[in-house]
1. Which ordering of Thr225, Thr115 is given by a fewest-first count of other beta-carbon atoms within 10 Å?
2. With a Förster radius of 25 Å, plug the Cβ-Cβ distance of Ser60 and Asp190 into 1/(1 + (r/R0)^6) and report the FRET value to the nearest 0.05.
3. About its Cα centre, how strong a charge dipole does the chain have in debye, to the nearest 20, once Lys and Arg get +1 and Asp and Glu get -1 at the Cβ?
4. Just check region 29-159 against the gyration tensor rule for me: Cα atoms, a ≥ b ≥ c as the square roots of the eigenvalues, rounded for a/c under 1.5, and otherwise prolate or oblate depending on whether a/b exceeds b/c.
5. What order do you get for Val230, Val237 when you list them from fewest to most C-beta neighbours inside 10 Å?
6. With a cut-off of at most 16 other beta carbons within 10 Å, and DSSP calling the residue loop, which trypsin sites (Lys or Arg not before Pro) in region 200-238 qualify? Please list them.
7. Please work out the Cα center distance from region 42-91 to region 185-247, rounded to the nearest Å.
8. Using only DSSP helix segments of four residues or longer, with each worth -39500 (n - 2.57), what per-residue ellipticity at 222 nm results for the chain after dividing by its residue count and rounding to 500?
Amino acid sequence: MNSESVNKERHPDRGEAQAWSVKTHALTRIYGRGELQVRALIDVDLRIAPGEFVAIMGPSGSGKSTLLNMLGALDRPSAGRVWVAGQDLSKVRDLGRFRSQTVGFVFQLHNLIPTLTALENVTIPMVGQQSRRQRTERAHLLLEQVGLAGRAGHLPGAMSGGERQRVAVARALANAPAVILADEPTGNLDSASGQELIRLLREINATQQTTFLIVTHDPNIARQTDRVVVMQDGRIVREDNVGSPLHEDLKMWHYSRLGQQIMDGNLEDLKGIVTDDEERRAIASLLQRIDDFS
Ligand code: ADP
Ligand code: MG
């Protein structure tokens, strides 16, 4: 191995890191020291593509919030590196700016300021960046986007939990961040409001290509994402792609009578559907390997 490739191994290529919306390399966070030391994250390598909608699952204490805090620069790693939207967080000078411009946060508890109206809460991240009129205009637009055009003047206390959480989403979107980090955003909602919130996040994801990382305990929500990252004891222990139409189709075939016959090597019945020999063999081989995809 020449010195250049050794170097690359230690410091992943900058261009490669910039192709990802989120990338971590050997990310580690250790709290405390000595007897009380907790290894909350250990050697986590994660890559999230721009526009991906990813669920993070895992038992309580597995490091999910710690991971999100690292990605949002709310806390510093003990070791390893983090890139968000191509920026190496160890080199970002103005972390305040990064936190308000590049990422948006949604927490389990909405964290709205109770004495400010919905509209005022949404304008906060924009303070100091645009004129008051521009901020108000954009906040109205964002409230409309989350379905709360009629609630601009309401205080958080006068809104339902689901509505408050949607205000929090509007606030997270204020500066059009590349990535939204949501830590159990539906944790305090009933299942209908939770479902509605996820539908809203997916819509934002589809129309604005915002990348989403959502910590959730709810398998119903995880099922509606592109990928589920499962954590345990500070490590990523599994990653599942979900919801790919091809995968769902294959699974249906796999369990069908026709699928069983095809896997048994009987490609006759398939002739009526797929005329090309090569294609029939490809389908049979995909069906046999269905477990590789799930
Ligand atoms: P999760 O969000 O998956 O429930 P966390 O990331 O909050 O897990 O915590 C991971 C581990 O780190 C847990 O053992 C937790 O007790 C510990 N931990 C989290 N924050 C701190 C902290 N500020 N000081 C010490 N230990 C912490
Ligand atoms: Mg947590």
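No lab work stands behind these numbers, since they all come straight from the coordinates. Everything quoted here is computed from the prediction, not taken from an experiment. Cβ placement follows ideal geometry from the backbone for every residue including glycine, while neighbour counts extend to all protein chains displayed.
1. Values: Thr225 26, Thr115 10.
Fewest-to-most Cβ neighbours within 10 Å comes out as Thr115, Thr225.
2. Working from the Cβ atoms, E equals 0.75.
3. On the way: 35 positive and 36 negative charges, 302 e Å.
Using only the charged Cβ atoms, the result is roughly 1460 debye.
4. Details: a/c = 2.23, a/b = 1.83, b/c = 1.22.
Prolate, since a/c reaches 1.5 and a/b exceeds b/c.
5. Val237, Val230
6. Arg223
7. Measuring centre to centre over Cα atoms gives 16 Å.
8. On the way: 13 runs with 116 residues, N = 294.
Value at 222 nm, helices only, nearest 500: -11000 deg cm²/dmol.
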